[in-house]
1. Among the residues of the stretch 568-592, what is the count of those that are surrounded by 13 or more Cβ atoms within 10 Å (Cβ to Cβ), assigned to a helix (DSSP H, G or I) and at pLDDT below 85?
2. Given the residues I415, I445, I494, which is the only one that is outside the structural domain of D556 (by TED's automatic domain parsing), surrounded by 14 or more Cβ atoms within 10 Å (Cβ to Cβ), part of a loop (DSSP other than H, G, I, E, B) and at pLDDT below 85?
3. Among the residues of the stretch 22-36, count how many are closer than 14 Å to K250 by Cβ and either touching a residue at least 40 places away in the same chain (Cβ under 8 Å) or part of a strand (DSSP E or B) (or both).
4. Can you say whether S163 is more than 29 Å from D341 (Cβ to Cβ), more than 40 Å from the chain's Cα centre (by Cα) and not β-branched (V, I, T), as far as the supplied structure shows?
5. Here is a list: F70, F39. Which entry is under 10 Å from the mean Cα position of the chain (by Cα), closer than 14 Å to R296 by Cβ, modelled with pLDDT of 90 or more and of a type outside the set (D, E)?
6. Does the stretch 49-66 include one or more residues that are touching a helix residue (DSSP H, G or I) at 6+ places or on another chain (Cβ under 8 Å), at pLDDT 90 or above, among the aliphatic types (A, V, I, L, M) and assigned to a helix (DSSP H, G or I)?
7. Determine, yes or no, whether F79 is out of contact with any Cys (no Cβ under 7 Å at 6 or more places or on another chain) and either over 30 Å from I7 (Cα atoms) or modelled with pLDDT of 95 or more (or both).
8. Could you go through the stretch 213-224 and let me know if any residue there is of a type outside the set (S, T, Y), surrounded by fewer than 16 Cβ atoms within 10 Å (Cβ to Cβ) and either within 30 Å of R353 (Cα to Cα) or modelled with pLDDT of 90 or more (or both).
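The values are calculated or read from the model by the stated rules, or taken from the named source; none is laboratory data. These figures come from a predicted structure and were not determined experimentally. Cβ sites come from the backbone with ideal geometry, for glycine too, and all protein chains shown count toward neighbours.
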Amino acid sequence: MISRTTISRIFEAVRIEEVIGEFVTLRRSGKDMKAPCPFHNEKTPSFFVSPVKGIYKCFGCGKAGNAVTFLMEHEKYTFPEALKFLARKYNIAIEETIPTEEEKAKETESESIYLVNAYAQRFFTDNIFTTDEGKSIGLGYFRERGFTDETIKKFQLGYSQRSRNAFTETAQRAGYALDILRKAGLTRNDNDDFFHDRVIFPLHNVTGRVIAFAGRTMKASGSEPKYINSPETEIYNKSNTLYGIFFAKKAIATHDECYLVEGYTDVISLHQSGIENAVASSGTSLTVEQLRLVKRYSQNLTILYDGDPAGIKASLRGIDLALEEGLNIKVVVLPDGEDPDSFAQKTSASELRSFIKERTTDFIRYKARMLMDESGKDPAKKARIIKDIVLSVALIPEPITRTVYIKECSNIINIAEEILNYEIRKERENRYRQKISRQDDLNYIPEPASAPVAFQPVSPESTEQQEREVIRILLNYGHKIIRISPLEKGVRGIDPSAESGEPGEDIPVCRMIISGIREDGIEFRNPVLAEIFRLYCGEFDRGIIPEDTFFTSHQDIDICSASVELITSRYRLSDWETKFRITIPADEENLAETTMKALHALKEKIVKKMIIDFQEKLKNSTSGDEFQDLLVHDRKLQELKKHLSTRLGRVIIK
């Protein structure tokens, strides 16, 4: 278990913009930074990072938290895993206490697979440098491909031996359980190695952890697949993975461009030539998840094709997905018979960069020209091609970009812009109707809104909205000093501005709230808000007014996310004031009154609920004495409700 002192040092050292910046390309926006949200798909950035407060918040899906919770949400780390990642990043030595049996039991299957994958990677890489078989076959193969030892070590390439269980037996002797080896996809059910007699390409996630492997056979017979991949596991999904993303992400963000190729060796050769912003789809058709992974770092995707027209045509569906995601797609076609790997080996780094720069073509223009050349003078083929191009252009979300492409395609295929506009508008309307139809379908299940756990939609009888407002004021202004008269200490509804004839008393806002809640015995219904209030009271009783970071850096992800949600402005003030010239009053302008009204609103909602309960009991009462007692209580509650409503400035209709 990581010591509290170490946790504090980590939080003090962390710069949230640096951590999140490893996964998302952040742009400066005043004192904050923003980006498209990595937790949900969006066109306009609504994900904000505050370096000053050390928090992030998405105004679209509601995700919020600190650097640790970001890693927990985004990378599915446990709390200790996220802390260890940050400790490595900021060179902080970790002090650990002895874990309890309960803590040991919480070790996840995912972490076990990560650990055994890391061991397997070291095993395979060591083979090519320390064993005769690995040197002659594995190292020999990679050197024949033109890879330097430095490149081999960078990508952690390796070799699995001809023996059918060399790895499994070695791993078991090292203490790794057979069931974890199987769950990681490294050992088959018959206890043979999943990979043997193959060169190995480890697959990394964006943080650099090994999530799976690919193996290329060394047999020339063709009796088995050339490449095999690890089966999918708790930490590996092929559709969500891009080979080389860990090594490429910084260069992609720096150059604001990502090169997409097909194979592992293509990526490695390009990196070795100095083009480090290259990744591979690993032989799979492009998926939405892979495209969104690219979008974290750049909107610009350039695809490097070999000269095979059939291969290019087969990939068009994936490109249409990229257009729909709003990516700017370009194409580079290599000379006949060349792929990125072979071409990079034959040219110098400067020649390769120059070739790519000179041959880069916008995808829509390339597709239009390619299909038109293919159609020749056949009218039927030309009509199908026009429809194909219309379908692609209709996917582009930006209207200005669509207009530019319509004009360009009109010139290429010799069709009037008005006709293309009409067809594209018709296609977009059809897509919209299909979308609405799916949503009307009783079987259609939309993606969840990813609202914070603490704040799910509430019923009209719920007090959650009022509870949130009280805790919001407590976290934001608990330390602020307000002046009240001696009669107001119990916050029983006395106007803070009233003159009592006695000098006022300066107290912190948190004292007014804590007294008001405790004296009336109010209990928060929302469990996360109740826990935040309990923690705050615990610090207050010790003579400490906790800062908001006490909660935003809490290891409980629900407490952290809820706290960030509550300390983040309820309104985008700059947007409202600039766009609509509206001035929204600040809470601080009359903080005592704001606090008092929040408490009254909570109490009023509780009283209303009590009245409903008492009236239900009155209906079901069978005893005269019981009825009279309930009636007395109901009248008292009605008077209290009237009093609270008056204090809140509401009109009472009789």
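1. Counting residues in the stretch 568-592 that are surrounded by 13 or more Cβ atoms within 10 Å (Cβ to Cβ), assigned to a helix (DSSP H, G or I) and at pLDDT below 85 gives 5.
2. On the way: I445 fails: surrounded by 14 or more Cβ atoms within 10 Å (Cβ to Cβ); I494 fails: outside the structural domain of D556 (by TED's automatic domain parsing).
That would be I415, the only listed residue that is outside the structural domain of D556 (by TED's automatic domain parsing), surrounded by 14 or more Cβ atoms within 10 Å (Cβ to Cβ), part of a loop (DSSP other than H, G, I, E, B) and at pLDDT below 85.
3. Step one: list which residues in the stretch 22-36 are closer than 14 Å to K250 by Cβ, which gives 22-26.
Imposing the further condition that a residue be either touching a residue at least 40 places away in the same chain (Cβ under 8 Å) or part of a strand (DSSP E or B) (or both) reduces the set to 22-25.
Qualifying residue count, the stretch 22-36: 4.
4. Values: more than 29 Å from D341 (Cβ to Cβ): yes; more than 40 Å from the chain's Cα centre (by Cα): yes; not β-branched (V, I, T): yes.
When the stated conditions are applied, S163 passes them.
5. Values: F39 fails: modelled with pLDDT of 90 or more.
Result: F70 is the single residue among F70, F39 that is under 10 Å from the mean Cα position of the chain (by Cα), closer than 14 Å to R296 by Cβ, modelled with pLDDT of 90 or more and of a type outside the set (D, E).
6. Scanning the stretch 49-66, I find no residue that is touching a helix residue (DSSP H, G or I) at 6+ places or on another chain (Cβ under 8 Å), at pLDDT 90 or above, among the aliphatic types (A, V, I, L, M) and assigned to a helix (DSSP H, G or I), so the answer is no.
7. Working: out of contact with any Cys (no Cβ under 7 Å at 6 or more places or on another chain): yes; either over 30 Å from I7 (Cα atoms) or modelled with pLDDT of 95 or more (or both): no.
In short, no.
8. At the first step, the residues of the stretch 213-224 found to be of a type outside the set (S, T, Y) are 213-216, 218-220, 222, 224.
After this cut, where a residue has to be surrounded by fewer than 16 Cβ atoms within 10 Å (Cβ to Cβ) as well, the list is 219-220, 222, 224.
Those still in the list that are either within 30 Å of R353 (Cα to Cα) or modelled with pLDDT of 90 or more (or both) too: none.
Checked the stretch 213-224: no residue is of a type outside the set (S, T, Y), surrounded by fewer than 16 Cβ atoms within 10 Å (Cβ to Cβ) and either within 30 Å of R353 (Cα to Cα) or modelled with pLDDT of 90 or more (or both).
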